[in-house]
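Here the structure comes first, spelled out in structure tokens, and everything after it is commentary.
The values are calculated or read from the model by the stated rules, or taken from the named source; none is laboratory data. Remember, it's a predicted structure, so these values are computed and weren't measured experimentally. In this analysis, Cβ positions are derived from the backbone assuming ideal geometry, glycine residues included, and neighbour counts consider all displayed protein chains.
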Amino acid sequence: MSDLVLGLRLYARGATTVLGSARLLRLGALPALVAVLLYAAVFTALLRFLPDLVEVLTPFDDTWSPGAREATDVVVGVALVGAVALVAVLGFVAVTLAIGGPFYERLSEIVDDGIGVVPEGPRRSTASSVLRGARDGLLLVLFSLLTAVPLFVAGFVPVLGQTVVPVVAALVGGRLLVLELTAPALDRRGFGFAARRRLVRSRRLLGWGVGVPTYLLCLVPLVGIVAVPVGAAASTLLARELCGEPTSA
């Protein structure tokens with residue numbers, strides 16, 4: 001469990017770094033604020049039409065007793081919200097990074113360079129960074145959709161769907177977030193998408209120590225504005241740890 005503890009410590013250091021620097025906070029918070037406004041509209045619509053969506057998904061319980069029908073509607077509603085939350089959190093980060101790719105590239109560089117020498121990888125133009133962020137963001141959303149479908153189905157199982165499934169969603173979501181948030185630092189070192197996946201997978205507990213807190217905080221309205229830049233800073237430290245580099249100056 002030492003890797004999990006180390007990951008949590010890296011996350012705490014990322015929070016201290018960002019919250020202690022007005023410059024880093026501005027860099028990371030502006031794109032996240034724009035993404036929050038977009039997502040607020042989407043979630044408002046979801047909550048408005050949630051009863052209608054549940055009714056569409058449960059035509060089979062029309063002849064059941066009121067108690068059984070109500071219980072089924074609650075289970076389906078929880079499963080639907082859980083699946084949407086997973087996609088929304090990962091999509092929120094993907095959209096935020098797509099909007100503010102250069103901002104997070106710069107945030108990662110500041111954190112990285114403040115610790116020590118960074119091995120030189122291929123240098124990319126701003127346009128190339130934006131395209132890379134958009135491509136990786138689309139892959140992140142695709143993976144989240146592929147994950148959300150089985151979790152949504154599992155959410156129909158009483159008890160299991162309301163206990164185990166949210167935990168699995170947090171673990172999967174945390175790993176995918178780390179995969180995306182380590183991109184700027186690992187990209188500087190020449191790691192492509194496939195190589196990043198292998199590197200992050202090599203120390204899962206370490207990645208969860210950074211990714212799961214980021215995922216959970218992004219579920220809290222408005223907190224995601226700060227959670228994403230904190231996660232980005234912590235993921236830069238994580239990238240250094242994965243590459244065997246010092247994580248403190």
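For the range 160-199, filtered to residues that are without any contact (Cβ under 8 Å) to a residue 12 or more places away in the chain and assigned to a helix (DSSP H, G or I), the residue that is farthest from Pro150 (Cα to Cα) is Ala195.
Listed by first and then second residue, the pairs with beta-carbon distance under 6 Å, at least 6 apart or on different chains, first residue in the range 1-22 and closer than 20 Å to Gly114 by Cα, second polar (S, T, N, Q) and assigned to a loop (DSSP other than H, G, I, E, B), form an empty list.
Is it fair to say Ala88 is aliphatic (A, V, I, L, M), touching a Cys at 6+ places or on another chain (Cβ under 9 Å) and either under 27 Å from Val168 (Cβ atoms) or modelled with pLDDT under 75 (or both)? Criteria met by Ala88. Restricting attention to the range 200-222 and to residues that are assigned to a loop (DSSP other than H, G, I, E, B) and surrounded by 15 or more Cβ atoms within 10 Å (Cβ to Cβ), the residue that is modelled with the lowest pLDDT turns out to be Leu219.
Cβ separations smaller than 8 Å between residues 6+ apart or across chains give the following pairs from the range 207-223 residues that are among the hydrophobic types (A, V, I, L, M, F, W, C) to residues that are surrounded by fewer than 23 Cβ atoms within 10 Å (Cβ to Cβ) and not in a helix (DSSP H, G or I): Leu217/Val223. In summary, Asp187 fulfils each of the numbered conditions (1) under 16 Å from the mean Cα position of the chain (by Cα); (2) crowded, with 17+ Cβ neighbours inside 10 Å; (3) modelled with pLDDT of 80 or more with the single exception of condition (1).
When the range 188-205 is filtered for residues that are touching a helix residue (DSSP H, G or I) at 6+ places or on another chain (Cβ under 7 Å) and closer than 17 Å to Leu138 by Cβ, the ones remaining, listed by number, are Phe193, Arg196, Arg197. Would you point out which residue out of Ala195, Ala233 is within 22 Å of Gly101 (Cβ to Cβ), surrounded by fewer than 16 Cβ atoms within 10 Å (Cβ to Cβ) and out of contact with any strand residue (DSSP E or B) (no Cβ under 6 Å at 6 or more places or on another chain)? That would be Ala195, the only listed residue that is within 22 Å of Gly101 (Cβ to Cβ), surrounded by fewer than 16 Cβ atoms within 10 Å (Cβ to Cβ) and out of contact with any strand residue (DSSP E or B) (no Cβ under 6 Å at 6 or more places or on another chain).
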